[in-house]
1. Among the listed residues 296, 312, 239, identify the single one that is modelled with pLDDT under 80 and either of a type in the set (Asp, Glu) or within 17 Å of the chain's Cα centre (by Cα) (or both).
2. Go through (1) within 15 Å of the chain's Cα centre (by Cα); (2) at pLDDT below 90; (3) of a type outside the set (Val, Ile, Thr) one by one and return the number of the condition residue 101 breaks.
3. Tell me which residues, restricted to segment 96-110, are open to solvent by 80 Å² or more (accessible area, probe 1.4 Å) and either in a strand (DSSP E or B) or under 15 Å from residue 211 (Cα atoms) (or both).
4. For segment 273-306, give me the residue count where each residue is more than 26 Å from residue 112 (Cα to Cα) and open to solvent by less than 60 Å² (accessible area, probe 1.4 Å).
5. What helices (runs of 4 or more DSSP H), lying completely within segment 1-78, carry at least 1 residues that are acidic (Asp, Glu) and within 24 Å of residue 292 (Cα to Cα)?
6. On the given criteria, is residue 114 farther than 23 Å from residue 232 by Cα, outside any strand (DSSP E or B) and open to solvent by less than 50 Å² (accessible area, probe 1.4 Å)?
7. Take the conditions more than 24 Å from the chain's Cα centre (by Cα) and at pLDDT 90 or above and apply them to residue 72. Does it pass?
8. Out of segment 3-21, which residues are hydrophobic (A, V, I, L, M, F, W, C) and either open to solvent by 60 Å² or more (accessible area, probe 1.4 Å) or at pLDDT below 90 (or both)?
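The values are calculated or read from the model by the stated rules, or taken from the named source; none is laboratory data. It should be emphasised that the depicted structure is a prediction, and the values quoted were computed from it without experimental measurement. All Cβ positions, glycine included, derive from the backbone under ideal geometry; neighbour counts span all protein chains shown. Accessible surface is based on the protein model in full, side chains and every heavy atom, while ligands, DNA and RNA are left aside. Shrake-Rupley method; radii C 1.70, N 1.55, O 1.52, S 1.80 Å.
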Amino acid sequence: TAREWIRVGHSLPHLPRIDAAFRANEVSYAKVRILTRWADSDNEQQLLTLAETRSADRLTTAVAKALDAADPGDSERDKRHHHERSLTSYTRGDGMIVIRLVLPPAIAKMILAIVETLIGRIAQTPLEPNAAEPEGSNSPLLNPPAGGSQTQNVTSPLKPITQSDDDPPADGCQTPEAVQVTLEQLRQRWRPQDDDDWYFPTLAQQGADAFAAFFLGLDVDLTTELIIHVRGDSNTFDDGTPITTNALCRLLDDSFIRLLIHDAERRPINASSRRRHPTTRQKRVVLETHNHECVDCQSTDLLELDHNPPYDQTQRTIIEELEPRCAPCHRARHRNAA
């Protein structure tokens, strides 16, 4: 944190427009911290204009798209992305380990889509007190048994190659099955506290559980969707993150391409207005209309579509009555309404 303060302080004298806007409280420190990483004398005003119309959560993506236009070319950018990939880690004073992973967008977006989908699957898994661990115990994912193996009824395509099944595990080592978990066990870890049906771990905690479960061997079928907009000026993911044409072409052979149908007034068609859950096309239109942000807190994580007015009153699902809300705001709204 101190290094960031010093870096921002050293940068501001060379960026007079951003400095003046910061002094006048026209932009927040969170935005200034982002702008000072990428601004120079040539693009300072352009990036400052972006900061005035976007939240801090969306500013980095907007900056990336703006700088994409000045990039020397797809090949050079792909080379730079490949060169700058990294995985670093360090141990905090409390013993926790922090892992930092830097990947090209085409790969990182796939991982994030898997994590977000898995979070949704875990959250929707019903609590099974009789089948899961006793309340108060810990999942083997983060607390494997010492000096032995614990076999879960799970197999995984990500299972690493280790010693043969006939060989006993060495003292203090766990077989891959010792850290495998089921959706029910993870949902049990998210059990509501103090009989509060609306309690959930933080988004960061949910993401950590989902990433570790998938990486360490949770065997579950996941269907994810990665949306890329191909336009005349640039190629971007649905949140605005740019992707090179070269990287896009490498994905096409394994991609499923859909068309979005519009009516005569160029509005997306509500294909099924009487179904409760929005269609894929409706989700895309609503999210893009609201800049992929929660209408309550402007968060961009774990967005869900909420009926306003409620479906129980209208008995229909149309684009004009759908609003994106992050999972915590969505639960809070229905809790307050109840």
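1. Numbers: 296 fails: modelled with pLDDT under 80; 312 fails: modelled with pLDDT under 80.
Testing whether each residue is modelled with pLDDT under 80 and either of a type in the set (Asp, Glu) or within 17 Å of the chain's Cα centre (by Cα) (or both) leaves just 239.
2. (2)
3. Narrowing segment 96-110 to residues open to solvent by 80 Å² or more (accessible area, probe 1.4 Å): 96-97, 99-101, 107, 110.
Hits for segment 96-110 are 97, 99, 100, 101, 107, 110.
4. Step one: list which residues in segment 273-306 are more than 26 Å from residue 112 (Cα to Cα), which gives 273-276.
Now restrict to residues that are open to solvent by less than 60 Å² (accessible area, probe 1.4 Å): 273.
Count: 1.
5. Numbers: elements: 2-11, 16-23, 29-38, 44-53, 56-68.
In segment 1-78, the matching helices (runs of 4 or more DSSP H) lie at 44-53, 56-68.
6. Working: farther than 23 Å from residue 232 by Cα: yes; outside any strand (DSSP E or B): yes; open to solvent by less than 50 Å² (accessible area, probe 1.4 Å): yes.
Considered against the rule, which asks whether it is farther than 23 Å from residue 232 by Cα, outside any strand (DSSP E or B) and open to solvent by less than 50 Å² (accessible area, probe 1.4 Å), residue 114 comes out as yes.
7. Numbers: more than 24 Å from the chain's Cα centre (by Cα): yes; at pLDDT 90 or above: no.
No.
8. We begin by selecting, within segment 3-21, every residue hydrophobic (A, V, I, L, M, F, W, C); these are 5-6, 8, 12, 15, 18, 20-21.
Of everything in segment 3-21, those that are hydrophobic (A, V, I, L, M, F, W, C) and either open to solvent by 60 Å² or more (accessible area, probe 1.4 Å) or at pLDDT below 90 (or both) turn out to be 5, 6.
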